[in-house]
Structures are given as C-alpha cells and as structure tokens.
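**Student:** The structure is given below, and queries will be raised subsequently.
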Amino acid sequence: MKITKSLVPFTIALSSTCSAFLPSSSNFHSPNTRFSTAVKSTVLPIPTKDVLKKMQPELDENDLYLDGPNNEVPKAGEVMKMLPAETWNVDTPTSLFYFGIDFLAVAATMGFLNTVVTSELYHSSPIFLQGMMAAPLQVMAGFAMWCMWCIGHDAGHSVVSKSKQVNRIVGEIAHSMICLTPFKPWAKSHRKHHLGHNHLTRDYSHQWFIREESDSLHPLIKLSHKTRNLQLPILYFVYLFLGVPDGGHVLFYGRMWEGESNKEKINSLASVGVSVATAATLWYNMG
C-alpha cells in the first residue's frame, strides 16, 4: 500500500513533465471571449553559434541610430497601435488554466520529493545515495517551480487578470509561497527594472557596465563578473536579502524603498510573511 501511494505523485509528476516537453496541441476555449487558445508546447533545437550570430550580430557605433523624421523614440501609444488589438486582451480563464496545470505539477513533484526524503529508506542510506535519490526529483520540482515563476511574473505585470485581487492571489501563491520570493517587493523592483531597462544606472535587477570601460572597473567587480556562473547557488540569496543592486526584498532598505510610505511597506511585508512561513514549513517537514 505504501508503494502504491508513493507512485501516485510520481505518476502525476512524470505526466506533467512529459506534457510540458513533448510536442502537443489541444484547444482551451474561454467562454468569456470569442477566441480559442491553442495550448501547445514544442521543444526547439538548440541554435548553433552561426545562427546566433545572424540573430544577434555585434553592433558598432554606426548601428546605434533612430531611423525617423525627427530621430525620436516612439511613444508607448504609437507602439501599441502597431500591434494587433488582441495583443492587449487579458483572458483570465486561460491564465488560471495554465496556473492550475503548473500548480498541479509543483504539488505532484514536491509531494513525491517529500515522500522520498521523509522515508526510512532515505534516512538509512549513505549520503551519496541520498543525493542520487533526491537530485532527479529536485530537478523535476525545479522545472515545475520555474513554470510557476512565469505565471507569477505575469501576475506582477497585471496580465493574469484585470482584477488586482486575482493578480495578487496568483502572485502570492506562485512567487511568495512556491518560489519563496516575496511577490509585492519583487513586483515593485521588477516594474522599476522595466522603466529603465538596460539603462546603465537606472535599471534595477542587474548591474550593467560598458564593455569598453571594463578595465576601469573595481577589481572586485571584475572578479565577480568573471565568476558569475560559479555564484549561481548564492546569487538568489544576494539578490533577495543583501539587496544587490536594488535594495532588500525581505528587509526593506536600499534605493528601491527611498520615499516609500509605511502603508506600502506593510503591504509588502505580507508577501514576506508568506515566504517565511512557507520556508519554515518546508524546513520543518523536509529538513
């Protein structure tokens, strides 16, 4: 009976993962709109270096220009008119449909992982065997969590629904609870990131520098840039807690919070509470 019960979340997790990777097509019709959304997923081949070079060639100073009568950057309204009207449709049923699928994948993979790491077999095994048992399940759970992260990202952009309450609930579940990233502070810094996207000093969430001026950077910055891939296990902690480069997402300090009202901070503190409570629960149950 115990084996049968443990196979249930594994079967759901495996089917969820396969449905995400295998080419498939089905129609999900939203009753509130006149559109039918094709739910498709296809794994694309990894592009070669030659293909990438054609897609994103190196630019020089002569390529950086604006082609127009006044050489002015087009306004947001002008860009919006260039796109089809349905681009701006917000279809809540379709959004919640994807949210439900991703939540099922997270619950299944995390449930099976919890079953394994709390079993007598796992705790009686040597540490290297424990790693072999847990690592594949952690990868599956991580993939499902990344899918959920994308849903939370859309909630942060207020495109899961036109309702602020729906976006907040989805964001809290997807980011604060499942991804342990306080939703409200993240949405705040992410909005500032888009307001100054790729700007040398105004962009949030990333530290930019000019390639030609890299020799003048501080030695620690140079070292950090060269070893950035090795820092992946700790970068998330640095981003959330130490607030580099935006400001804290758990402790409210730094330029992100300059001039913010106490009401906004209290509102954001609720997201922090959800993340801390979830982390404590996972630590208590799974160790």
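**Student:** What full-extension length gain, to one decimal in nm, is calculated for ALA85 and ALA107 as 0.36 nm per residue of separation minus the Cα-Cα distance?
**Tutor:** 4.3 nm
**Student:** Quick one: if the Förster radius is 30 Å, what FRET efficiency do ALA76 and LYS263 give, using the C-beta to C-beta distance and rounding to 0.05?
**Tutor:** Result of the calculation: an efficiency of 0.60.
**Student:** Let me ask you something else. Sort the following peptides by mean Cβ neighbour count (other Cβ atoms within 10 Å, averaged over residues), highest first: 139-145, 103-109, 218-224.
**Tutor:** 103-109, 139-145, 218-224
**Student:** Rounded to the nearest 0.05, what FRET efficiency do LEU282 and HIS225 give with R0 = 30 Å and r taken as the Cβ-Cβ distance? Could you check?
**Tutor:** So the FRET efficiency works out to roughly 0.35.
**Student:** Could you give the size of the charge dipole of region 159-287 about its Cα centre, using +1 on the Cβ of each K and R and -1 on the Cβ of each D and E, expressed in debye and rounded to the nearest 20?
**Tutor:** For this selection, approximately 340 debye.
**Student:** Moving on. Counting every Cα pair in region 124-236, what percent are over 22 Å apart?
**Tutor:** Roughly 54 percent, rounded to a whole number.
**Student:** Write down the accessible area per residue of region 154-287 in Å², having rolled a 1.4 Å probe over the full set of protein chains.
**Tutor:** 64 Å²
**Student:** Tell me, what ³J(HN,Hα) does each residue in region 176-190 have, in order and in whole Hz, if you take phi through Karplus 6.51 cos²θ - 1.76 cosθ + 1.60 with θ = phi - 60° and put x for Gly and Pro?
**Tutor:** 3J(HN,Hα) across region 176-190, in whole Hz: 4, 8, 7, 9, 6, 10, x, 5, 5, x, 5, 4, 5, 5, 5.
**Student:** Name the residue from SER275, TRP257, ALA174 whose Cα lies farthest towards the positive end of the charge dipole of region 159-287, charges +1 on Cβ of Lys and Arg and -1 on Cβ of Asp and Glu.
**Tutor:** Selected residue: ALA174.
**Student:** Here is a further query. Express the carbon and sulfur contribution to the solvent-accessible surface of region 102-148 as a percent, rounded to the nearest whole number, probe 1.4 angstrom.
**Tutor:** Answer for region 102-148: carbon and sulfur cover 76 percent of the accessible area.
**Student:** Between the alpha-carbon centers of region 240-270 and region 171-212, tell me the distance in whole angstrom.
**Tutor:** 12 Å
**Student:** What spacing in nm lies between the two simple spin-label points modelled at ARG211 and LYS162, each 7 Å away from Cα in the Cβ direction?
**Tutor:** Placing both labels 7 Å beyond Cα along the Cβ direction yields 4.5 nm.
**Student:** A further question follows. Normalising by the residue count of region 174-284, find the relative contact order in percent from Cα pairs under 8 Å and 6+ residues apart.
**Tutor:** Value for region 174-284: 34 percent.
The values are calculated or read from the model by the stated rules, or taken from the named source; none is laboratory data. Just so we're clear, the structure is a prediction, and the values are computed from it rather than from any experiment. Virtual Cβ from ideal backbone geometry, glycine too; neighbours counted across all protein chains shown. Side chains included, ligands, DNA and RNA excluded: accessible areas come from the protein's heavy atoms. Shrake-Rupley method; radii C 1.70, N 1.55, O 1.52, S 1.80 Å.
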